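The values are calculated or read from the model by the stated rules, or taken from the named source; none is laboratory data. Remember, predicted model here, so these are calculated numbers, not experimental data. FYI the Cβ positions are ideal-geometry reconstructions off the backbone, even for glycines, and counts take in every protein chain you see. Accessible surface areas use protein heavy atoms only, side chains included; no ligands, DNA or RNA. Shrake-Rupley method; radii C 1.70, N 1.55, O 1.52, S 1.80 Å.
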Amino acid sequence: LDKKQLFVEAIRCDPDHENAYNSLGRQLVAGETVELDGGRVMNRKQLFVEAIRCNPDGCCDFHSDLLNELASGETIQWHDGRVLDRKGVLVEAIRCGTSSSSAYCHLGLELAKNESIQLNDGRVLDR
């Protein structure tokens, strides 16, 4: 078995193993997909979202990996069905409390001048 196959097998054994999803995502190249047990086909971005779903409160690296994959203006379907852009992913990272200072900084860089955004706790922040 190669690395990808080992991570697929780890997910088959434990479908909530966040590190297996994230590690598998890191093994794929852009545009590549992988078929998981049960027939689900996922790409890098989807694997990173799945890793976050498995551990929403301790997934700083997973948010970073996902952000590195999302281009400006691109969106991704979140594990709860919402569609998020880069700003939305950063708001989720802040909600999780993972690497919050970094997430706040990156969110500030994503916002346009005079743009504001509401965090999950109700606060509205602007640039």
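Report yes if residue 37 is farther than 19 Å from residue 103 by Cβ and of a type in the set (Asp, Glu), otherwise no. The answer is yes for residue 37.
Within region 70-98, being over 19 Å from residue 126 (Cα atoms) and in contact with a His (Cβ under 9 Å, 6 or more places away or on another chain) holds for 96, 98. Residue pairs whose Cβ atoms lie under 7 Å apart, separated by 6 or more positions or on different chains, with the first residue in region 45-71 and under 10 Å from residue 26 (Cβ atoms) and open to solvent by 20 Å² or more (accessible area, probe 1.4 Å) and the second at pLDDT 90 or above and polar (S, T, N, Q), are 61/22; 65/22. Do we find that residue 25 is under 24 Å from residue 82 (Cβ atoms), in contact (Cβ under 8 Å) with a residue 40 or more places away in the chain and small (Gly, Ala, Ser) in this structure? Here the answer is yes, as residue 25 does meet what is asked.
Per the conditions (1) assigned to a helix (DSSP H, G or I); (2) at pLDDT 90 or above, the sole criterion not satisfied by residue 101 is (2).
Examine region 63-80 for a residue that is small (Gly, Ala, Ser) and within 23 Å of residue 12 (Cα to Cα), and state whether such a residue exists. First the steps, then the outcome.
From region 63-80, those small (Gly, Ala, Ser) are 64, 71-73; that's our starting set.
Filter again for within 23 Å of residue 12 (Cα to Cα), leaving none.
No; the residues of region 63-80 include none that is small (Gly, Ala, Ser) and within 23 Å of residue 12 (Cα to Cα).
Scanning region 16-58 for residues that are closer than 17 Å to residue 69 by Cα and among the polar types (S, T, N, Q) returns 22, 23, 27, 33, 43, 46.
Screening the candidates 82, 26 for the property of being at pLDDT 90 or above and within 28 Å of residue 2 (Cα to Cα) yields one hit, 26. Residues in region 10-44 that are open to solvent by 40 Å² or more (accessible area, probe 1.4 Å) and among the aliphatic types (A, V, I, L, M): 29, 30, 41.
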